[in-house]
Amino acid sequence: MVPLKNAWNNGASDWTASQREAYANDIMQPLLWAVTSSVNESKGDRGPDEWKPPSEGFYCTYAEAWVEVKSHYKLTVTADEKSALSDMLGTC
């Protein structure tokens, strides 16, 4: 969900190696989702300010999960990210 690069750029770079490993392997938070290869490739390591799910019906779920992960791990949110998330949460 929140790619490792995004996490790194928004706070994970200050974590210990064991904290980064725990994040990468966390199965309790919505970090990994099964998606088609084309969706995975189109998203890459981009955040909600650069990429949105292909189905508008999934915007709310995606944004809620993104916020949950960022909050749980105390990762920062950029202004552009916040704006995009706000727009997507408006579909809830």
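The values are calculated or read from the model by the stated rules, or taken from the named source; none is laboratory data. For clarity, every value in this text was computed on a predicted model and none was experimentally measured. Backbone-built Cβ (ideal geometry, glycine too); neighbour counts: all protein chains shown.
Here are the numbers for this structure:
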| read-out | value |
| --- | --- |
| Verdict on residue 89 being surrounded by 15 or more Cβ atoms within 10 Å (Cβ to Cβ) and modelled with pLDDT under 85 | no |
| Every residue from segment 61-92 that is aliphatic (A, V, I, L, M) and in a helix (DSSP H, G or I) | 63, 65, 67, 69, 79, 84, 85, 88, 89 |
| Neighbours by Cβ (under 6 Å, 6+ apart or cross-chain): first from segment 73-91, at negative phi and in contact (Cβ under 8 Å) with a residue 60 or more places away in the chain; second assigned to a helix (DSSP H, G or I) and basic (Lys, Arg) | 77/70 |
| Matching residues in segment 69-92 - criterion: being more than 11 Å from the chain's Cα centre (by Cα) and over 22 Å from residue 20 (Cα atoms) | 79, 80, 82, 83, 84, 86, 87, 88, 89, 90, 91, 92 |
| Leading residue by the ranking (farthest from residue 8 (Cα to Cα)) among those in segment 55-86 that are surrounded by fewer than 18 Cβ atoms within 10 Å (Cβ to Cβ) and among the hydroxyl-bearing types (Ser, Thr, Tyr) | 55 |
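Residue-wise test of (1) surrounded by 12 or more Cβ atoms within 10 Å (Cβ to Cβ); (2) in a loop (DSSP other than H, G, I, E, B); (3) touching a helix residue (DSSP H, G or I) at 6+ places or on another chain (Cβ under 8 Å); (4) at pLDDT below 70.
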{"position": "13", "(1), (2), (3), (4)": "no, no, no, no"}
{"position": "19", "(1), (2), (3), (4)": "yes, no, yes, no"}
{"position": "22", "(1), (2), (3), (4)": "yes, no, no, no"}
{"position": "27", "(1), (2), (3), (4)": "no, yes, no, no"}
{"position": "30", "(1), (2), (3), (4)": "yes, yes, yes, yes"}
{"position": "38", "(1), (2), (3), (4)": "no, no, no, yes"}
{"position": "45", "(1), (2), (3), (4)": "yes, yes, yes, yes"}
{"position": "48", "(1), (2), (3), (4)": "yes, yes, yes, no"}
{"position": "53", "(1), (2), (3), (4)": "yes, yes, yes, no"}
